[in-house]
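The block underneath contains the structure these notes are about, expressed in structure tokens.
None of the figures in this text is laboratory data; all of them are computed from the coordinates on show. Everything numeric here is computed off the predicted structure, so don't read it as measured data. Neighbour counts are summed over all protein chains in view; Cβ atoms, including those assigned to glycine, are modelled from backbone coordinates with ideal geometry.
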Amino acid sequence: MAKFDPSAQHHPSVVAHWENRGASLQLRVADAITAFAGSMTFVYIHAAAFAIWMIFGESSPWPTLTLIVSLEAIFLSTFVMIGQNRQAHFQQVKADHDFVAQELELQTNTELTRQIHVLTAELHRRLLADPQQG
């Protein structure tokens with residue numbers, strides 16, 4: 001997972017997301033496991049450990065190897081799903097924030113457009129007004 005750079009400008013939901021993650025030991029542990037499991041180091045360690053174990057550890061490693069790999073796959077897929085759920089929640093929070101900000105900007109632009117119309121109409125009226133009436 002990417003590191004949070006506190007010196008950079010970030011979307012408010014990104015700041016809240018990282019503050020929430022940093023405050024929870026459970027999320028930090030899940031992030032560390034997910035980061036390690038998604039690395040090539042994880043692949044190399046497993047390839048080497050399984051190769052050594054199959055060559056030197058047991059004469060018939062397949063039943064035990066199948067059990068271990070299946071259990072590991074279950075846990076790793078659970079971490080993937082947890083990460084996907086957190087990412088979906090983060091994206092929803094960001095989308096909600098963006099929607100509110102865009103609606104506020106639309107309202108502001110609409111009000112500015114109305115004011116410009118009023119001012120333009122007033123200028124037009126004054127410029128086309130009969131100089132003798134002024």
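Computed quantities for the displayed model
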item	result
Net charge of Cβ neighbours under 13 Å - reference Pro12; Lys, Arg +1; Asp, Glu -1	-2
Over the chain: helical MRE at 222 nm, DSSP H runs n ≥ 4 each giving -39500 (n - 2.57), nearest 500	-28000 deg cm²/dmol
Most mobile listed residue (Arg21, Arg114, Arg86) in the chain, GNM with C-alpha springs under 10 Å	Arg114
Cα-centred dipole magnitude for region 12-98, charges only on beta-carbon of K, R (+1) and D, E (-1), debye, nearest 20	80 debye
Descending semi-axes in whole angstrom, ellipsoid equivalent of the chain, from the Cα gyration tensor	65, 13, 12
Residue with peak Gaussian network fluctuation, the chain [Cα springs, cutoff 10 Å], from Ala30, Ala51, Ala121	Ala121
